[in-house]
Amino acid sequence: MGRKNRNRQRAQQNRDGRAEGKRSRDDAGWGAGYSEIIKENKLFEHYYTELKIVPEGEFEEFMEAMREPLPATIRITGYKSHAKEILHTLKEKYFKEVQDLEVDGQKIEAPQPLSWYPDELAWHTNLSRKILRKSPLLEKFHQFLVSETESGNISRQEAVSMIPPLLLKIEPQHKILDMCAAPGSKTAQLIEMLHSDMDVPFPEGFVIANDVDNKRCYLLVHQAKRLNSPCIMVVNHDASSIPRLHFDQDGKKDVLFYDRILCDVPCSGDGTMRKNIDVWKKWTTSNSLQLHGLQIRIAVRGVEQLAVGGRMVYSTCSLNPIEDEAVIAALLEKSEGALELADASPDLPGLKYMPGIASWKVMTKEGQWYSDWSEVPTSRHTQIRPTMFPPTDPEKLANMKLERCMRILPHHQNTGGFFVAVLVKKAPMPWNRRYPKGETPCALLDGVFYCSFSSVTVLHIDMKCSVCSSPPPPKKMKLFGFKEDPFVFLTEDDPIFPSIQAFYDLSPGFPKLNVLTRTHEGKKRQLYMVSKELRNVLLNNSERMKVINTGVKVWSRNTDGEQFGCAFRLAQEGIYTLCPYIRARIINICVEDVKVLLTQENPFLRKLGDDAHNQAKKLGQCRSECDFFFLLLPLLIYLKYISSEMHFSLFFFFSSGMGDLVLRSRPEELFKIKNKQALSRFKKCKRI
């Protein structure tokens, strides 16, 4: 047989095999034909049975919960002015429609609010993502979740990951650092809390969200952009050596210390087995041993940059004390009283958790146990470190109050596994106060650390000098990933401002200095705005940090608009930021006008109410007959509708050559519009 015939026969056999395999999978149902992951790991069970982190008599229940799929959880964004209306819609319509359904023989239970989350703004249900996507009966509910998630009104987020931002107790004036932020669900929570007062477009505080992975930083940007905040900056650094920033304060340069820090470190993730089933077959104790040092370095860098009186929340999605209590104990010991473990239990009433443990052992992947550092053979010293064991001094251990740590077990409230601890900084860290400002106690010469407090050469171990207790000198910053466009702030006399000022009649208080663009030369295509505080940080640290994205887009260049006197149109993302400063090109409309805009294929001006029609005429840009669509009329139409039950705002924005409709609510619910054409048009709208 020739080569061509053999290849033809082999190809035919492959096609037959694939067809047969496809039929067998189709006959057996979705997912057949793939080897099922067995949710068992004897080493995992042996390890946690020995550590006794699960109450006696509950281990079987704990393991059963770990094998069950994680329930779907949603969170309604708390800072939006219409959060209560979305909650009302969910409770009165969608939750009632799904509670009596059966899908694949599984009865759908009514969604329940998370008992510990404030104002019933977080809910969970036994619906998995797979069921939501494939069931025709749940199609409407799924579409609602998708559309509201895209618009920033709802976040689909695991229940336990909502806990750390709540424990930070964010206030609008706080400077916040999220050290390991991607993919960004917790960062979104921080931004929401910062904007708790929607009447203040520029809170005094800000969020700096960092991640070491350059590609994941863009996922972080995508999450943050949904919230349209001028107070967020995304940076790309190794969290264990994130640079110390400076800012101008009263005419002097000072070091930036953060009021709140979220330290959600990389971990082995054995608390995520319910959603990441690969962990079942990959789990081993060596994962925790390898990550322990990195977790300490990140946490140390965090507390160094925390302001005195500030709070840092340390969290992992691991149940392993090597990644949890051992890291906290090492931090407290290094701090020499500068840090205190806070009791956070009153902050989340209704949350069931287990207190932290004060005694644990270390196990190798081969199953060898060690109760103390003295038992570890020299050959293991590179894998097992002293900080992995609890302190041997009983008095020191008692003063740490490790029982204030919180470990969330899956079977208690049908969640994932999680660990969280709240640290409060009482004084500067020891290595920050033992030598004068600007003077470095240790130097790096020819690859060797020399300590100025000692006449002999000493080595730095675990980020700490054995003599002066100081961290080693910072390494030179290395930048990875794509080269970002520059951030260029405009001056008050920039030539683009007069036309914008006249066209939109900007109020005198408009902060021109907060406007920036992403190019030094050529036409400015996009204009962004940041808060005054973020501008301060950017101007003083451009060479010190790699910024991926910041601010919110407020204007976009539109050359067709030059004939009307302004080459920039409003960007829908920046409407909330700009609205307090714009005093022209605003038309107030009634509810009936909203219905016209949603239901009419060609909503001519003459079809609107007399009041709106007259307002449009006064703008001076319309022809006398006003019998054309708004395509040649750059304007912002603003509606504020107040009733006994709701308070919300709608924005309709039309610009030259563009007919996009920008909404800020769900009109088919608010106005009881039943027309199918209106609902179809609504689905095509771009919404804030």
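The values are calculated or read from the model by the stated rules, or taken from the named source; none is laboratory data. Note that the structure is predicted; figures quoted are calculated from it, not measured. Here the Cβ is made from the backbone with ideal geometry for all residues, glycine too, and neighbour counts use every protein chain on show. Accessible surface areas use protein heavy atoms only, side chains included; no ligands, DNA or RNA. Shrake-Rupley method; radii C 1.70, N 1.55, O 1.52, S 1.80 Å.
Numerical summary
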read-out	value
Efficiency of FRET from Cβ geometry, ALA427 and SER345, R₀ 25 Å, rounded to 0.05	0.50
Projected label distance in nm at ARG216 and TYR581, using a 7 Å step from Cα toward the beta-carbon	3.5
Gyration tensor verdict on region 188-307 (Cα atoms; rounded if a/c is under 1.5, prolate if a/b is larger than b/c, oblate otherwise)	oblate
Protein-only accessible surface order, largest first, of ASP264, ASP610 at 1.4 Å	ASP610, ASP264
Whole-number accessible area per residue in Å² for region 71-156, which is evaluated in the context of all protein chains at 1.4 Å	48
Mean accessible surface per residue for region 159-431, computed with a 1.4 Å probe while every protein chain stays in place, in Å²	35
Potential extension, PHE489-GLN526 segment - 0.36 nm per residue separation minus Cα distance	12.1 nm
Under 12 Å, Cβ to Cβ, from TYR528 - net charge with Lys/Arg +1 and Asp/Glu -1	+4
Where GluC sites (Glu not before Pro) fall in DSSP loop in region 97-132, at most 16 other Cβ within 10 Å	GLU109
Carbon and sulfur %, accessible surface of region 95-209 computed with the full protein complex present, 1.4 Å	47
Overall form of region 71-156 per C-alpha gyration tensor (a/c, 1.5; a/b vs b/c)	prolate
GLU601 paired with ALA502, simple spin-label distance in nm, labels 7 Å along Cα-to-beta-carbon	4.1
Per residue value of the accessible surface for region 513-621 (all protein chains in place, 1.4 Å probe), Å²	45
Among the listed pairs LYS553/LYS617; LYS215/LYS546; LYS281/LYS365; LYS52/LYS352; LYS84/LYS275, those beyond 19 Å (Cα-Cα)	LYS553/LYS617; LYS84/LYS275
Residue-span extension gain [ILE277 to GLN383] - 0.36 nm each, minus C-alpha spacing	35.5 nm
